[in-house]
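*Asks:* Handing you a structure now.
Here, each number is a calculation from the coordinates, and none is a lab measurement. All values reported here derive from a predicted model rather than from experimental measurement. FYI the Cβ positions are ideal-geometry reconstructions off the backbone, even for glycines, and counts take in every protein chain you see.
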């Protein structure tokens, strides 16, 4: 897979332009020295039915929420049209924060195709949303090595791969969870995309999980969840200690994207309405926090 200096330079330049666009959620002055500012994105799986009906219209509605980026869970009408998708994102003022992508896309010739597509849209984080091998005693080692090899190829492009947890990734193999084993078996360049909702469902503290693996939570999922009576699965109305999670992300996570993922839609509200409520509440929580 030839990596030309020109292609690397062009992608890094485009990434720098995207990174400079729009207001930052937390300014550089609010960060510990050397830490990147964090931005808010929406995982488009949150509004998947809207995306399936009219992807362009869905993207426009998401942009109206005031998020700076979107994380993809498929490309619908833009599957084979990365240049057109890049233009659509630019027109809407959105950044391709990341994508969920099958493991096979990180192997062999498919990896170069993935690089080409995601370079074209300025997307840096290629995240596996789930793989049955993750919780297999032996095959989990091969999966980790797949991510290590892909990370080596991606790094010169300013890109990275990673894995997204559900509840079962915190099952144990011996005295360690599969999540911790994956972290041990992979290089620091491999992202651990924690899903806060699933971490809580596994009975763990999401802020502690971020702190356990410094620098590995570069893009995360802020999924609202209900663990106590009388709460609702909307950020700010749920039972998650979001300030603690945000602080951990800011202080040690190396976090660049706080990605809202909305999977529950209370009070008969639509996915778009619920996603917008969670985004607005997350912004309010951040605004009320003291600078680092």
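*Asks:* Based only on other Cβ atoms within 10 Å, what is the fewest-to-most ordering of 39, 212?
*Replies:* Listed from fewest to most nearby Cβ atoms, that is 212, 39.
*Asks:* Which of 280, 151, 96 ends up with the largest GNM mean-square fluctuation for the chain, with Cα atoms connected below 10 Å?
*Replies:* 280
*Asks:* Can you pull the Kirkwood radius for the stretch 115-216, inverse mean 1/r over Cα pairs, to one decimal in Å?
*Replies:* Computed over Cα pairs of the stretch 115-216, the Kirkwood hydrodynamic radius comes out at 14.0 Å.
*Asks:* Would you give the gap between the C-alpha center of the stretch 110-157 and the C-alpha center of the stretch 40-73, rounded to a whole Å?
*Replies:* One Cα centre to the other: 23 Å.
*Asks:* Order the peptides 45-52, 214-221 from the highest to the lowest mean number of other Cβ atoms within 10 Å of their residues.
*Replies:* Listed from highest to lowest mean packing, they are 214-221, 45-52.
*Asks:* To the nearest Å, what is the center-to-center distance of the stretch 226-274 and the stretch 181-196, using C-alpha atoms only?
*Replies:* The stretch 226-274 and the stretch 181-196 have Cα centres separated by 21 Å.
*Asks:* Let me ask you something else. Can you tell which of 43, 243, 228 shows the greatest fluctuation in a Gaussian network model of the chain with Cα springs below 10 Å?
*Replies:* 228
*Asks:* Only helical DSSP H runs with n ≥ 4 go in: add -39500 (n - 2.57) per run for the chain, normalise by residue count and round the 222 nm mean residue ellipticity to 500 deg cm²/dmol.
*Replies:* -12000 deg cm²/dmol
*Asks:* Mean-square fluctuation check for the chain, GNM, Cα pairs under 10 Å: which of 58, 248, 110 is largest?
*Replies:* With Cα springs under 10 Å in the chain, the top fluctuation among 58, 248, 110 is at 110.
*Asks:* Report the label-to-label distance for residue 81 and residue 49 in nanometres (one decimal), using points 7 Å from each Cα along the Cα→Cβ vector.
*Replies:* Those two pseudo-labels are separated by 2.5 nm.
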